[in-house]
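A quick write-up on the structure given underneath.
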Amino acid sequence: MSTLSLTLEQRAELQRCERVIQSGLETFELVGNALLSVRDSKLYRETHGTFEDYCREKWAIERAHAHRLIGAAKVVANLSPTGDTPKTERQARPLTKLEPEQQKEAWTAAVEASGGQPTAKHVEAAVEQIQQRESEPEKEEPKPKVPRYVPADGLQYAELAILNLEKIQANDTQREAAFARVTKWLAKNK
């Protein structure tokens, strides 16, 4: 901490700057919610044909940026009940790729990983971790290997064949064809 003191003018200027900074940090959420309302209610329709035209002509922002602001505002609204929320659109942006419950999980992980001061990089890393986890196929339990029964002689082979033939259901459309094939094989190999 510096021990250099500020003059009254400098202190006043610092306070003015900090108010502007604070206002700017809160603005992305307000702007995103306003754009969401304009878009969803089609409030632009009296003066513009599309939401994209409205954003570009009225506010000099591209459609993609408007949608980023809307997405970030939705993230903040989703996270609001948890208390701590992103302070910048840049922090909120990566969370828009996730479902609401995953957003909460990723934000909590980013806050914890950063010691309470998450940057966009912390949030991106938490989102990436969740996305990787979700994209991994579920690992199936390996099936236990059942030792294969190998008959010792012709009689055991015949018994095995009969056991398998008995498994054919009465309503199986291929039942008659299977029995005919076995009968034909038996006649040929006597």
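Read-outs throughout are calculated quantities, based only on the coordinates presented, and are distinct from any laboratory measurement. Here the structure is a predicted model, which means the values were calculated and not measured. Because the Cβ atoms are built from the backbone with ideal geometry, glycine has one as well, and the counts that use them run over all protein chains shown.
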Taking a straight Cα-to-Cα line shorter than 24 Å from Lys74, and setting aside same-chain lysines fewer than 8 residues away, one finds Lys42, Lys58, Lys87, Lys97, Lys104, Lys121
Residues Tyr54, Tyr44, Tyr157 in order from fewest to most other beta-carbon atoms within 10 Å are Tyr157, Tyr44, Tyr54
What helix-only [θ] at 222 nm does the chain give? Using -39500 (n - 2.57) per DSSP H run of at least 4, over all residues, to the nearest 500, the answer is -20500 deg cm²/dmol
Connecting every pair of Cα atoms under 10 Å apart in the chain and solving the GNM, the largest mean-square fluctuation among Gly71, Gly83, Gly154 falls on Gly154
Kirkwood-based Rg/Rh on the Cα set of the chain evaluates to 1.45
Karplus-derived 3J(HN,Hα) from phi for region 182-190 (6.51 cos²θ - 1.76 cosθ + 1.60, θ = phi - 60°), whole Hz, x at Gly and Pro, runs 5, 4, 5, 5, 4, 5, 6, 10, 6
The size of the Cβ-based charge dipole (Lys, Arg +1; Asp, Glu -1) of the chain about the Cα centre, to the nearest 20 debye, is 760
